[in-house]
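Right, one structure below, let's go through it.
The values are calculated or read from the model by the stated rules, or taken from the named source; none is laboratory data. These numbers were taken from a predicted model, which means no experiment stands behind them. Backbone-built Cβ (ideal geometry, glycine too); neighbour counts: all protein chains shown.
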Amino acid sequence: MSQEEKAYFSEKVGVVESLVIRIAPDPPEEEIEKDPLVVWTNGYSILPVEAAGFKGDIPEVKAFRLVSDMRAEEMRKIYTYNMCHAVLSYYGHLLGYELLVECLADPWVRDEALGALDEVSAALQGEYGFTAEQMDSWIQNVLEQTNNSTVGDTVVRSAADPLRKLRREDRLIGPALLCLKNGIHPEHLIRAIGIAFHYDQEEDSASKKLADLIRQKGLEAAIYEVCGLLKGGDEEKFVEEIRKAYDETPMELEWHQKALKAYQLGFEYEKKYHGCGQSVVAAVTEALDISDPGVFNAATGLCGGIGLLNDSTCSAFTGGVMVIGMVFPRRRENFGGDRENKYTNFDLVQQLHGKYIDEFGTITCGLVHQKKYGRPYDLSSKEERELFEAAGAHGDEGCTVVVAKVAQWTVELLASKMIELGRGN
């Protein structure tokens, strides 16, 4: 350019950075047949743009969201949207899912993705000054945009090219390191990274190269090389935790399958036989292959609260407590001892209590009735029991679901402790 042209350019032409969050997957074949130029998107309507890049008046465009720090916006997008999709997809591949919405519908996978989002949310607040309210709203958008069955976003697309997605500054290692920098232990991210190193898709050349690298050099060397991590200090400890997560992946998968089996059996037994406590005991012990007729028999009175008295603790919860005691007991022959087992038991029961309260708001049988059916039912009365059935007690959304969820939670809590102790089954 001439000097005059350079001056004109400097005064009149703004180069404005923006950040595209809208997803545009391949449209369904039937839509392409109707219109070859069709564009299929998730409809995300906001376009972040860097305010300082404009020259002159900023156009009044409804979609614009003016930002002052585009680097912070980029990190937030990559470390939440891209990270969340990567976590979902690597878990999803392990479990045989095809779509991200299927991954998000799986309670185990969803909890891991939410845990990773919580970790990086705190790190982004510490690093870039986002508020908790801003991050809560942002993450809600991440979940809403991801949970869009119309878009049909696939596991294969989001998991593709793990060599790139496991780089130091990319969507998994980057947010984990940001967490470490801000004093946050990224346990959910570490588990996801360990699972990502298992990704081996026949049509994905990068995944085949990753698998070959692990076979040839060993996992630890592969982690250092692929992720660009440094030996010594926090990063060496980080690599060790990734290696441990990788090794635990088969156990995680095994326990997840047991938890799903417990859910299915709990639902089936409560629907067919009733008796929430016994149904939980039967479902969990069968899923774990630790059936004990004595424990099952002892749970007979755990029904409709206790003995049909709905002012008592929900029997499904009590049934879960009994099974936890089977795995971590204070034994009769060591009545004054077994302290480690006893306090592990207490911790797991407290966690089960917390999950129950989070879901239903109470552990009292009658109050659960109130929440689910609009009023409590006195199940010691034949007439009330008939009304209880008519209200859907043993239908697809009744106490069947309560039993199923408690059975699943019980297995999941036992799984976390058993894996921590290095006991796969």
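Observations on the model:
- When region 348-385 is filtered for residues that are more than 16 Å from G398 (Cα to Cα), in a helix (DSSP H, G or I) and in contact (Cβ under 8 Å) with a residue 24 or more places away in the chain, the ones remaining, listed by number, are L348, V349, Q351, L352, H353, K355.
- Here the condition is being in the same structural domain as L177 (by TED's automatic domain parsing), touching a residue at least 12 places away in the same chain (Cβ under 8 Å), over 14 Å from the mean Cα position of the chain (by Cα) and within 22 Å of L94 (Cα to Cα); of S149, S121, it holds for S149 alone.
- Looking across region 87-121, the residues that are among the small types (G, A, S) and surrounded by fewer than 19 Cβ atoms within 10 Å (Cβ to Cβ) come down to G96, A105, G115.
- Residue check, T80 hydroxyl-bearing (S, T, Y) and within 30 Å of M251 (Cβ to Cβ): yes
- Those helices (runs of 4 or more DSSP H) lying entirely in region 207-292 with at least 2 residues farther than 21 Å from W409 by Cβ and touching a Cys at 6+ places or on another chain (Cβ under 9 Å): 233-273
- Filtered residues of region 386-425 (kept if outside any helix (DSSP H, G or I) and under 30 Å from P250 (Cα atoms)): L421, G422, R423, G424, N425
- Single unsatisfied condition, R65 versus (1) at pLDDT below 95; (2) under 16 Å from the mean Cα position of the chain (by Cα): (2)
- For region 319-345, the tally of residues that are closer than 21 Å to A415 by Cβ and either of a type in the set (K, R) or assigned to a loop (DSSP other than H, G, I, E, B) (or both) stands at 3.
- Among the residues of region 143-173, those identified as assigned to a helix (DSSP H, G or I) and either touching a Gly at 6+ places or on another chain (Cβ under 7 Å) or surrounded by fewer than 21 Cβ atoms within 10 Å (Cβ to Cβ) (or both) are L143, E144, Q145, V155, V156, R157, L163, R164.
- Qualifying residues in region 383-400 (those that are closer than 11 Å to K271 by Cα and hydrophobic (A, V, I, L, M, F, W, C)) - the one surrounded by the fewest Cβ atoms within 10 Å (Cβ to Cβ): A393
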